[in-house]
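One structure below.
The values are calculated or read from the model by the stated rules, or taken from the named source; none is laboratory data. Just so you know, these numbers come straight off a predicted model, no measurement behind them. Cβ coordinates were reconstructed from backbone atoms using ideal geometry, including for glycine residues, and neighbour counts include every protein chain displayed.
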Amino acid sequence: MRLSLRYRLLWPLVLLVFGEAGATAWTAWSAARHAEEQLAAQQAAVARTLAEPRSTFPLTARVLEQMKGLSGAEFILRLPGGGVESTLTVNPETLRLLEEGPYSDDDLFLGPVQVLEEQQYRCRRIVLKPPHPQAGAELFILYPETLRRQAIAEAIRPLLWLGSVSGLCAFALMWTLSAQLLRRLRQLHARTRLIAAGDLRPQPLPAADDELRDLAVALNDMAGQLAQLHQQLQHAERLRLLGQFSSGLAHQLRNAAAGARLAIQLYLQENPALPDPEPLQVALRQLTRLEASIRQFLMLGRPPALALRSIDGRDLLDQIVPLYLPQARHAGVVLHWQRPDTPCPLTADPEQLHQAVANLLTNALEAAGEGGWVRLQCRYEPPTVILEVCDSGPGPPPQLAERLFDPFVTGKPEGIGLGLAVAKRLIEAHGGSLCWQRRPDHTCFIIRLPSQPPVSPPP
């Protein structure tokens with residue numbers, strides 16, 4: 001059976017209230033008994049005073065009336081000769097009932113209940129003894145039951161009122177606190193449902209600094225970690241889809257590139273006397289680069305196999321720049337490259353590194369646009385070789401800045417968003433890093449490569 005947390009929280013309070021009620025009832029009973037004992041002691045003191053043997057004043061009707069005003073009790077004095085002095089109207093039946101008793105000598109007991117003239121009294125009987133002037137007379141002290149009950153009620157009323165009010169206040173306070181606690185728990189429950197539904201945005205924290213706030217902080221942390229994991233899964237899924245797509249497309253593209261390259265090679269062999277074979281040589285080199293690009297496309301989702309050897313970064317750029325001068329002239333872009341005097345020694349796979357730099361250079365030429373410029377730089381800052389590809393273009397769109405190196409992320413209408421992803425993958429395989437910076441009037445992509453890469457390049 002489902003039991004609300006509110007009622008589980010209230011159960012201890014209910015038990016506490018019942019315990020308090022029991023304690024209040026016991027205290028009230030003790031107070032009532034004490035009040036009755038005080039009344040009994042008071043009446044006993046009155047009786048001793050009136051029955052004092054050395055008393056010299058008779059108990060007349062006036063004296064009895066005065067004693068009634070002081071004590072609240074009724075008095076009946078039955079004289080030895082048969083006369084009666086009383087503060088009540090008495091008849092023979094009343095006197096007979098008084099004679100029958102019973103009575104008690106306990107000073108802490110008001111006496112048994114007697115019903116006289118349809119009224120209830122607590123009765124005590126005293127026989128006056130010599131040398132009292134009215135020796136032999138019987139004095140009956142009748143304390144009204146209504147006054148006894150009133151005295152007891154006045155004694156226990158504050159206790160009952162205090163116990164009831166405190167119990168109700170405690171219950172109301174606990175009900176309010178439990179309602180607030182349940183409201184905050186429902187908010188946390190709603191937050192977990194949002195996380196389960198895929199809403200991983202951080203939520204506002206409660207103002208109260210307590211354990212529930214700590215739980216809300218933990219939920220936000222968990223949502224942040226889930227968001228990162230979700231991005232990683234999306235990235236892995238894109239790579240998986242890319243692998244599936246590329247496995248079917250690669251053979252067709254590679255076969256077409258290989259056929260075109262073979263046809264050009266055969267044509268050059270059959271026509272060795274061509275006046276200017278350089279354009280065809282450039283075409284052959286571009287087809288070779290195309291085949292390499294296809295291979296990198298296939299390897300995007302898995303670690304590339306590196307064939308490391310010692311190279312000079314300057315030589316690498318010397319080989320790349322001539323391949324892209326025709327593209328730069330066609331696009332109206334000035335391509336700057338000045339070979340530095342200081343060697344830039346690297347241990348790298350020249351084909352793989354060539355592919356990475358070529359991807360960056362292609363993007364830079366497209367970003368610079370007509371009338372722009374692209375600059376390549378290479379320098380050695382032991383133990384790191386730094387290659388920079390800078391362009392005068394406006395830089396990546398702000399909405400893509402954080403995901404620029406993710407596959408399929410591109411700001412170009414006809415782009416597929418693989419060039420930077422492939423470049424980053426290849427450079428990281430060499431133990432290096434790729435980042436970009438927006439400088440005052442241009443954008444730079446910066447490659448940092450260790451002169452001696454790790455023995456086992458990261459996957």
Quiz item: Out of curiosity, is LEU95 surrounded by 12 or more Cβ atoms within 10 Å (Cβ to Cβ), in a helix (DSSP H, G or I) and either at pLDDT below 80 or touching a Gly at 6+ places or on another chain (Cβ under 7 Å) (or both)?
Solution: yes
Practice problem: Kindly indicate whether any position in the stretch 179-192 is exposed (fewer than 14 other Cβ atoms within 10 Å of the Cβ) and either at positive phi or assigned by TED's automatic domain parsing to the domain that holds LEU226 (or both). | Solution: no
Quiz item: Is it the case that PRO396 is crowded, with 17+ Cβ neighbours inside 10 Å, part of a loop (DSSP other than H, G, I, E, B) and out of contact with any helix residue (DSSP H, G or I) (no Cβ under 7 Å at 6 or more places or on another chain)?
Solution: yes
Quiz item: What number goes with the only condition from (1) hydrophobic (A, V, I, L, M, F, W, C); (2) more than 60 Å from the chain's Cα centre (by Cα); (3) modelled with pLDDT under 80 that LEU64 does not pass?
Solution: (3)
Quiz item: Taking the stated definitions as given, is ASP406 of a type in the set (Asp, Glu), touching a Lys or Arg at 6+ places or on another chain (Cβ under 9 Å) and within 19 Å of LEU317 (Cβ to Cβ)?
Solution: no
Practice problem: Name, by its number, the condition in (1) of a type in the set (D, E, K, R); (2) assigned by TED's automatic domain parsing to the domain that holds THR24; (3) surrounded by fewer than 18 Cβ atoms within 10 Å (Cβ to Cβ) that does not hold for ARG201. | Solution: (2)
Practice problem: Could you tell me whether any residue of the stretch 432-449 is closer than 23 Å to GLN234 by Cβ and at pLDDT below 90? | Solution: no
Practice problem: Consider ARG339 carefully, then state whether it is part of a loop (DSSP other than H, G, I, E, B) and basic (Lys, Arg). | Solution: yes
Quiz item: Looking only at the stretch 109-160, which residues are surrounded by fewer than 15 Cβ atoms within 10 Å (Cβ to Cβ), on the phi < 0 side of the Ramachandran plot and either of a type in the set (Gly, Ala, Ser) or assigned to a helix (DSSP H, G or I) (or both)?
Solution: ALA135, THR146, ARG149, GLN150, ALA153, GLU154, ARG157, PRO158
Quiz item: Among the numbered criteria (1) at pLDDT below 80; (2) of a type in the set (A, V, I, L, M); (3) surrounded by fewer than 13 Cβ atoms within 10 Å (Cβ to Cβ), which single criterion is violated by ALA218?
Solution: (1)
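Just to check your reading of the model, which residue among ARG2, ARG48, ARG6 is at pLDDT below 80, assigned to a loop (DSSP other than H, G, I, E, B) and basic (Lys, Arg)? Please lay out each step first, then the result.
Working: ARG48 fails: assigned to a loop (DSSP other than H, G, I, E, B); ARG6 fails: assigned to a loop (DSSP other than H, G, I, E, B).
Checking each option against the conditions leaves just ARG2.
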Quiz prompt | The lone exception for VAL374 - which of (1) in contact (Cβ under 8 Å) with a residue 40 or more places away in the chain; (2) assigned to a loop (DSSP other than H, G, I, E, B) it fails | solution = (2)
Exercise. Determine, yes or no, whether LEU139 is in contact with a strand residue (DSSP E or B) (Cβ under 7 Å, 6 or more places away or on another chain) and assigned by TED's automatic domain parsing to the domain that holds THR24.
Key: yes
